[in-house]
Protein chains: 2
Amino acid sequence: MRILILGGDGYLGWPTAMHLAAQGHEVIAVDSYLRRQLCREVKVAPLYEVPELDKRCAIWHSLGGGKIAYQIGDLTEWEVIAGVFRDFGPQAVVHYAEQPAAPYSMLNRQAATLTLRNNLLVTANVIFAVKEFSPQAHLVKLGTMGEYGTPNIDIEEGWLEVEHKGRHQKFLYPRQAGSLYHTTKIMDTDLLWFYVRMWNLRVTDLMQGPVYGIFTAETGNDERLLPFFNYDEIFGTVLNRFVVQAVAGYPLTVFGKGGQTRGFLNIKDTLNCIRLAVENPADKGELRIFNQFTETFSVNELADKVKAVGTDFGLNVEIQHVENPRIEAEEHYYNPNHTGLMELGLKPHYLDDKTLAKMLQFAMNYRDSIARDQIYRQVKWA
Amino acid sequence: MRILILGGDGYLGWPTAMHLAAQGHEVIAVDSYLRRQLCREVKVAPLYEVPELDKRCAIWHSLGGGKIAYQIGDLTEWEVIAGVFRDFGPQAVVHYAEQPAAPYSMLNRQAATLTLRNNLLVTANVIFAVKEFSPQAHLVKLGTMGEYGTPNIDIEEGWLEVEHKGRHQKFLYPRQAGSLYHTTKIMDTDLLWFYVRMWNLRVTDLMQGPVYGIFTAETGNDERLLPFFNYDEIFGTVLNRFVVQAVAGYPLTVFGKGGQTRGFLNIKDTLNCIRLAVENPADKGELRIFNQFTETFSVNELADKVKAVGTDFGLNVEIQHVENPRIEAEEHYYNPNHTGLMELGLKPHYLDDKTLAKMLQFAMNYRDSIARDQIYRQVKWA
């Protein structure tokens with residue numbers, strides 16, 4: 001299948017490109033390097049250097065991985081995205097091309113505007129490009145579990161059947177997010193749902209939880225193929241960050257009470273979810289929504305796990321509850337459904353001590369290059 | 001009260017400016033003339049010439065109406081909106097500054113992108129400006145009944161209490177719109193609700209139905225103070241358009257079966273709703289939502305009313321069912337709640353024959369300047 005990966009340089013974009021190429025698909029990765037630029041702006045960097053797409057594609061190819069094409073361009077520009085669609089004629093489009101960090105979106109007005117503008121205009125352009133050039137293509141869009149927030153009822157998979165005064169209606173599950181970034185993903189869903197109904201598009205919207213991990217089947221033993229691994233509060237996801245904090249002897253910073261519970265997944269499962277979605281496309285006129293995570297943890301539970309495995313490693317791991325710079329429920333009901341991807345065949349990699357140990361061991365190699373001042377930035381929500 | 005009216009040149013913005021000024025409020029109207037420009041682009045024009053804001057403010061003042069200040073500027077530009085807030089220090093902000101036409105938003109990709117970009121970036125800038133310069137100010141935002149679409153259950157006023165598997169949660173009423181324009185209003189609501197929760201803003205979001213009418217208490221006998229009156233399919237609301245079609249001897253074009261039902265209101269009631277909202281502000285941290293209409297009609301009912309009154313005028317009014325260029329339910333359940341504004345004191349002007357007769361009589365004065373080719377443009381939804 002010809003698969004276009006938008007945001008193909010990202011933490012998940014690049015491993016997805018390798019994974020789908022390894023499955024024999026024809027892959028082109030497109031990215032504007034926005035995330036690299038924003039990291040430089042806010043003065044954070046991944047734990048190790050990550051080569052740019054030209055080099056990564058060449059390394060992958062030189063190791064026998066088959067061709068991954070790439071293009072650098074800003075997808076908010078219609079001519080860029082139109083050119084890509086015209087030239088490549090994708091049968092599936094995996095859309096990761098968004099400013100991905102909740103704390104970045106809350107940093108200041110400029111960052112908020114950039115997030116809003118980039119995420120909405122790219123998603124709109126993707127929709128228009130599919131309509132104009134590849135109306136049969138299956139669009140696989142990355143949403144987030146954060147769109148749902150933390151309601152006091154079970155979170156269903158995308159939709160909610162409502163009975164009201166004796167009548168019935170199926171709605172998009174009502175969404176209420178906790179950051180501007182997550183709110184732009186709600187808007188993306190609004191936009192996709194509208195155009196699916198108008199233009200009979202074929203869309204899968206994946207409500208993904210926070211991802212952790214570094215290694216995938218395709219990274220092999222070559223560290224130059226590893227994805228971004230940020231450990232700062234802005235671009236680093238919580239478990240990745242805690243692993244590096246444990247190695248650095250930096251207390252695990254739990255915001256407030258630490259009862260914040262989310263659905264997590266291993267990066268390997270992200271790739272499997274994307275592959276399963278791509279290889280089992282949605283129908284024409286269908287907005288198919290899956291909740292993409294494998295198990296739920298509170299922040300306290302994650303901190304405890306990292307502390308336990310870290311202690312086995314001889315690390316002195318402390319847990320520190322700090323004042324919560326965010327506005328969020330620190331204790332709440334959380335019971336999200338997530339059967340759709342399992343039914344498509346997902347075999348989860350659950351978070352066990354071995355997985356954590358492997359991450360810790362890897363981070364130990366970079367112990368001396370950890371910049372402690374990057375870890376805790378306290379981006380305030382208000 | 002110092003009241004800032006964003007979009008103060010529009011069909012509703014200008015009459016609102018006069019109305020609030022007449023109530024003794026200090027008013028500044030800001031507009032970019034976007035609507036004037038878009039009308040020129042798509043080659044439609046109001047039934048009569050409408051002076052620009054400088055002239056309108058001068059005429060209003062010369063007739064003893066008190067001062068209305070104005071500024072021309074693009075509110076997607078932060079420096080423009082920041083300057084207005086800094087200089088004026090509003091206590092209330094009435095936000096009409098959006099591309100207002102559903103058919104325009106469906107015209108083509110460029111129009112869709114303009115709508116998305118303008119409406120979202122202006123709303124975001126308004127939120128940021130309130131936060132930075134006037135955190136106590138009450139933001140009165142124009143939403144639309146179209147955000148709800150036509151669900152098969154009663155439409156409540158902004159919110160829905162859901163019981164699900166024995167648990168309860170109050171949500172924003174789930175929204176599902178029928179045009180890109182209406183979808184941008186959903187996104188506005190998403191954005192407002194997020195920042196209300198984060199920043200304790202004070203917001204009223206008015207879900208308004210289609211407005212009809214020309215005359216308000218303040219237009220008096222001077223036609224130079226009348227609002228835009230578009231009768232084209234793109235910028236003209238349905239009843240205004242039917243009135244002009246009746247006068248022009250142009251069949252009333254009902255899309256499809258004509259069972260499409262909406263909540264309508266007289267322009268005089270719009271002004272009263274805005275005034276009531278402004279003079280009874282929402283609390284800090286409250287997103288207050290009212291459904292702003294006074295009565296529901298199907299398109300068939302409106303056509304029949306115009307035909308009946310037109311026939312009394314000696315006009316030969318035909319009703320023609322044409323193929324529906326839009327994608328929408330042509331027969332549906334529709335039972336929206338709208339008690340909030342009534343409880344604040346709204347005294348509706350219901351649509352009666354006298355009101356219609358006055359509109360028809362007025363349009364007759366301009367019979368010779370009706371451009372028939374503007375009426376029916378058949379903007380297709382897909």
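The values are calculated or read from the model by the stated rules, or taken from the named source; none is laboratory data. Predicted model, so just to flag it, every value in this text is computed and none were measured. Note that each Cβ is placed from the backbone with ideal geometry, even for glycine, and that neighbours are counted across all protein chains shown.
Just to check your reading of the model, which residue among B:Thr123, B:Thr184 is among the β-branched types (Val, Ile, Thr), within 18 Å of B:Leu38 (Cα to Cα) and within 11 Å of chain A (Cβ to nearest Cβ)?
B:Thr184
Mind listing just one residue for me: the one in the stretch A:129-140 that is over 23 Å from A:Arg35 (Cβ atoms) and at the interface with chain B (Cβ under 10 Å from one of its Cβ atoms) and, of those, surrounded by the most Cβ atoms within 10 Å (Cβ to Cβ)?
Ranking the candidates gives A:Lys131 first.
Restricting to the stretch A:97-128, count the residues that are buried (at least 21 other Cβ atoms within 10 Å of the Cβ) and under 22 Å from A:Val379 (Cβ atoms).
15
Can you pull out the helices (runs of 4 or more DSSP H) entirely within the stretch A:10-85 that have at least 1 residues that are buried (at least 16 other Cβ atoms within 10 Å of the Cβ) and aromatic (Phe, Trp, Tyr)?
A:13-22, A:53-62
Taking B:Asp352, is it under 30 Å from B:Ala17 (Cα atoms) and surrounded by fewer than 20 Cβ atoms within 10 Å (Cβ to Cβ)?
The answer is yes for B:Asp352.
When you scan the stretch B:187-203, how many residues do you find that are touching a residue at least 40 places away in the same chain (Cβ under 8 Å) and facing another protein chain (nearest Cβ under 9 Å)?
Going through the stretch B:187-203 one residue at a time, the tally reaches 7.
In the stretch A:220-232, what residues are at pLDDT 95 or above and assigned to a loop (DSSP other than H, G, I, E, B)?
Result: A:Leu226, A:Pro227, A:Phe228, A:Phe229, A:Asn230, A:Tyr231, A:Asp232.
I need the full set of residues from the stretch B:96-139 which are under 20 Å from B:Gly13 (Cα atoms) and of a type in the set (Phe, Trp, Tyr), in order please.
Answer for the stretch B:96-139, where residues must be under 20 Å from B:Gly13 (Cα atoms) and of a type in the set (Phe, Trp, Tyr): B:Tyr96, B:Tyr104.
Taking the condition of being within 12 Å of chain B (Cβ to nearest Cβ), loosely packed, with under 15 Cβ neighbours inside 10 Å and of a type in the set (Gly, Ala, Ser), how many residues in the stretch A:324-349 meet it?
Of the residues in the stretch A:324-349, 0 are within 12 Å of chain B (Cβ to nearest Cβ), loosely packed, with under 15 Cβ neighbours inside 10 Å and of a type in the set (Gly, Ala, Ser).
I'd like to verify a number: residues in the stretch B:286-338 that are of a type in the set (Asp, Glu) and over 28 Å from A:Met198 (Cβ atoms), how many?
Number of matching residues: 5.
Of all the residues that make up the stretch A:142-191, how many are over 30 Å from A:Leu114 (Cβ atoms) and not β-branched (Val, Ile, Thr)?
Initially, the stretch A:142-191 is screened for residues over 30 Å from A:Leu114 (Cβ atoms), giving A:152-154, A:156-157, A:159-171.
In the following step, the residues that additionally are not β-branched (Val, Ile, Thr) were identified as A:152, A:154, A:156-157, A:159-161, A:163-171.
The total comes to 16.
Check A:Asn365, A:Asn335 and return the single one that is in contact with a Ser or Thr (Cβ under 9 Å, 6 or more places away or on another chain) and among the polar types (S, T, N, Q). Before you say what the answer is, go through the steps one by one.
Numbers: A:Asn365 fails: in contact with a Ser or Thr (Cβ under 9 Å, 6 or more places away or on another chain).
Just one listed residue meets the conditions, A:Asn335.
How many residues, within the stretch A:154-181, are at the interface with another protein chain (Cβ under 8 Å from one of its Cβ atoms) and of a type in the set (Val, Ile, Thr)?
1
Hey, could you check the stretch A:94-113 for residues that are in contact with a strand residue (DSSP E or B) (Cβ under 7 Å, 6 or more places away or on another chain) and not hydrophobic (A, V, I, L, M, F, W, C) and say which is nearest to B:Arg197 (Cα to Cα)? Please lay out each step first, then the result.
Of all residues in the stretch A:94-113, those in contact with a strand residue (DSSP E or B) (Cβ under 7 Å, 6 or more places away or on another chain) come to A:94-97.
Keeping just the survivors that are not hydrophobic (A, V, I, L, M, F, W, C) gives A:95-96.
Working: A:His95: 29, A:Tyr96: 27 Å.
Checking each candidate, the answer is A:Tyr96.
Could you list all residues from the stretch B:367-382 that are part of a loop (DSSP other than H, G, I, E, B) and either farther than 27 Å from B:Tyr181 by Cβ or within 14 Å of chain A (Cβ to nearest Cβ) (or both)? Spell out the reasoning first.
In the first step, residues of the stretch B:367-382 are kept if they are part of a loop (DSSP other than H, G, I, E, B); the result is B:370-371, B:376-382.
Matches in the stretch B:367-382: B:Val379, B:Lys380, B:Trp381, B:Ala382.
Away from chain B (no Cβ under 14 Å) and surrounded by fewer than 22 Cβ atoms within 10 Å (Cβ to Cβ), is that true of A:Leu206?
Answer is no for this residue.
In a helix (DSSP H, G or I), of a type in the set (A, V, I, L, M) and more than 19 Å from the chain's Cα centre (by Cα), is that true of A:Leu360?
Details: in a helix (DSSP H, G or I): yes; of a type in the set (A, V, I, L, M): yes; more than 19 Å from the chain's Cα centre (by Cα): yes.
Yes.
Only one of A:Asp222, A:Asp232 is acidic (Asp, Glu), more than 8 Å from chain B (Cβ to nearest Cβ) and in contact with a helix residue (DSSP H, G or I) (Cβ under 6 Å, 6 or more places away or on another chain). Can you tell me which?
Of the residues listed, the single one that is acidic (Asp, Glu), more than 8 Å from chain B (Cβ to nearest Cβ) and in contact with a helix residue (DSSP H, G or I) (Cβ under 6 Å, 6 or more places away or on another chain) is A:Asp232.
Which of the following residues is crowded, with 24+ Cβ neighbours inside 10 Å, of a type in the set (Val, Ile, Thr) and within 21 Å of the chain's Cα centre (by Cα): B:Val247, B:Val243?
B:Val243
Can you say whether A:Glu147 is surrounded by fewer than 19 Cβ atoms within 10 Å (Cβ to Cβ) and either within 7 Å of chain B (Cβ to nearest Cβ) or of a type in the set (D, E, K, R) (or both), as far as the supplied structure shows?
Numbers: surrounded by fewer than 19 Cβ atoms within 10 Å (Cβ to Cβ): no; either within 7 Å of chain B (Cβ to nearest Cβ) or of a type in the set (D, E, K, R) (or both): yes.
No.
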